[in-house]
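Right, one structure below, let's go through it.
The values are calculated or read from the model by the stated rules, or taken from the named source; none is laboratory data. Because the structure is a prediction, the values reported are computed rather than measured. Using ideal geometry, Cβ is built from the backbone for each residue, glycine included, and neighbour counts are taken over all protein chains shown.
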Amino acid sequence: MSRREEADMSDEPSRLILAEPDTVLGMLQRGRGAGYLHAVEMAPQRVWPLLIECITNDPRLDKQVQDIADYYSELVIETEMDITPLADHLKRNDGPGDQYWNVKLVLETLYCLSEDHHDKALEILRDYVSYGFHWETVIRYLWDFRLASALEAFWRLDGIGHIPEIESAFIAVPHSYHRWRAAWAMDTTAPDVFQANYAYECLWDCHEDTRICGCETVSLSQPGALARLKEIAEDPGENKRVRDSAVQTLDEF
C-alpha cells in the first residue's frame, strides 16, 4: 500500500512516501480532521487496514515533534479495531538502535490506548517488556501509568487527610504532567496542607493544569498571590484556560 525510499537522515533510516492528500489514507497519514471524519463514516473493516498502515509505517516527517498517536488511538477505539496486528508488528520489527523508529509509533499508540483503559494495549505493553529491545522505555511508561492511575483515584477521597505519598509525588515526579495530578490529589485529600505549602508555587509551574490548580486554590492572603494572579490574567502570552482561571478567582475576590 506504500513505498519507502532512502532518506539521508541518520536517525531515521527510511521515510514513507505519503498517499495522495485527497485519499482517506493520505488524510489519515497527515492527521487531518477530514480523515478522522471520513473514517468514522466508513465501514470499520475498510478503515482498519488504513489505520494499521499508518501506525506500523510511521508517516510523520519529524517523528520527534509531531504528535499523532492520540489521533490514531481514538480511531482505534471509535472503530473497535482489533490491535493484534500491532502486537505482531512489534515482534517482527523490533530491534536495537535505529530500528526503534520501526516501532516507535506503535508503542506510542499503545500508550495512548492504555491511558483510555484499553486492557489489551496494556497486555501487549507488558508482554513487550519480556522480549523487546526498548523494554526500559516501556517500563518507564508503565510506571508512569500506574502513578497517574493512583493519583486519579485519590480524587475521589475528599478530605481524607494528608497522604505523604501524594506529597512526595508532587515534589519528586520527573514529569510535569504527573505533578498537576498530584497537586489536585493533594488539594482533594488534604486541602489545608496543599494550600498552605504548595498552591502559591503552582502559579509559576511549567504545566498549565498545575498553574490552573494554583489559580483556583491559592489563598489570596498569601503575600504576592494577588499580584501574580493579576499578572497571569493580563498576560497575552499565557494559556487562555489559565488566564480565565485567574480572572475568575479575581472576580470572586
_Number of the exception - Val138 against (1) in the same structural domain as Asn239 (by TED's automatic domain parsing); (2) closer than 28 Å to Trp101 by Cβ_ = (1)
_I need the full set of residues from segment 90-132 which are of a type in the set (Phe, Trp, Tyr) and either within 20 Å of the chain's Cα centre (by Cα) or closer than 17 Å to Thr56 by Cβ (or both), in order please._
Tyr100, Trp101, Tyr111, Tyr128
*Of the residues that make up segment 103-118, is at least one exposed (fewer than 14 other Cβ atoms within 10 Å of the Cβ) and assigned to a helix (DSSP H, G or I)?*
no
_Hits in segment 65-123 (condition: out of contact with any helix residue (DSSP H, G or I) (no Cβ under 6 Å at 6 or more places or on another chain) and either among the aromatic types (Phe, Trp, Tyr) or not assigned by TED's automatic domain parsing to the domain that holds Ala34 (or both))_ = Tyr71, Tyr100, Trp101
_Could you go through segment 45-61 and let me know if any residue there is modelled with pLDDT under 95 and more than 21 Å from Leu113 (Cβ to Cβ)._
yes
_Just checking, does segment 159-182 include any residue being exposed (fewer than 13 other Cβ atoms within 10 Å of the Cβ), more than 28 Å from Leu75 (Cα to Cα) and either in the same structural domain as Arg60 (by TED's automatic domain parsing) or under 18 Å from the mean Cα position of the chain (by Cα) (or both)?_
yes
*asked:* Looking at segment 120-143 only, could you name the residues that are surrounded by fewer than 19 Cβ atoms within 10 Å (Cβ to Cβ) and within 17 Å of Glu78 (Cβ to Cβ)?
replied: Lys120
_Tally, over segment 124-140, of residues that are outside any helix (DSSP H, G or I) and in contact with a helix residue (DSSP H, G or I) (Cβ under 8 Å, 6 or more places away or on another chain)_ = 4
*So, of the residues in segment 89-110 that are within 17 Å of Val138 (Cβ to Cβ) and of a type in the set (Asp, Glu), which turns out to be modelled with the highest pLDDT?*
Glu108
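Conditions (1) surrounded by fewer than 16 Cβ atoms within 10 Å (Cβ to Cβ); (2) touching a Lys or Arg at 6+ places or on another chain (Cβ under 6 Å); (3) not in a loop (DSSP other than H, G, I, E, B), marked per residue:
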| position | (1), (2), (3) |
| --- | --- |
| Glu20 | yes, no, no |
| His38 | no, no, yes |
| Leu51 | no, no, yes |
| Arg60 | no, no, no |
| Val76 | no, no, yes |
| Asp82 | yes, no, no |
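Scanning segment 203-242 for residues that are in a loop (DSSP other than H, G, I, E, B) and of a type in the set (Asp, Glu), which turns out nearest to Ile171 (Cα to Cα)?
Of segment 203-242, the ones in a loop (DSSP other than H, G, I, E, B) are 203-207, 218-224, 234-239.
So of that shortlist, the ones also of a type in the set (Asp, Glu) come out as 205, 234-235, 238.
Working: Asp205: 12, Glu234: 29, Asp235: 27, Glu238: 24 Å.
Result: Asp205.
How about segment 227-242: which of its residues are in contact with a Cys (Cβ under 8 Å, 6 or more places away or on another chain) and closer than 10 Å to Glu208 by Cβ? Quick ask: steps written out before the conclusion?
Step one: of segment 227-242, the residues in contact with a Cys (Cβ under 8 Å, 6 or more places away or on another chain) are 229, 232, 242.
Result: Val242, single match.
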*Would you pick out the residues in segment 59-104 that are among the charged types (D, E, K, R) and touching a strand residue (DSSP E or B) at 6+ places or on another chain (Cβ under 7 Å)?*
Lys63, Asp98
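For segment 173-207, what are the residues that are small (Gly, Ala, Ser) and over 14 Å from Ala150 (Cβ atoms)?
Filtering segment 173-207 for residues small (Gly, Ala, Ser) gives 176, 182-183, 185, 190, 196, 199.
Ser176, Ala183, Ala190, Ala196, Ala199 - these are the residues of segment 173-207 that are small (Gly, Ala, Ser) and over 14 Å from Ala150 (Cβ atoms).
Being of a type in the set (D, E, K, R) and in contact with a Cys (Cβ under 7 Å, 6 or more places away or on another chain) is the filter here, so list the residues in segment 56-112 that pass it.
Taking segment 56-112 as the starting set, the residues that turn out to be of a type in the set (D, E, K, R) are 58, 60, 62-63, 67, 70, 74, 78, 80, 82, 88, 91-92, 94, 98, 104, 108.
The one that is of a type in the set (D, E, K, R) and in contact with a Cys (Cβ under 7 Å, 6 or more places away or on another chain): Asp70.
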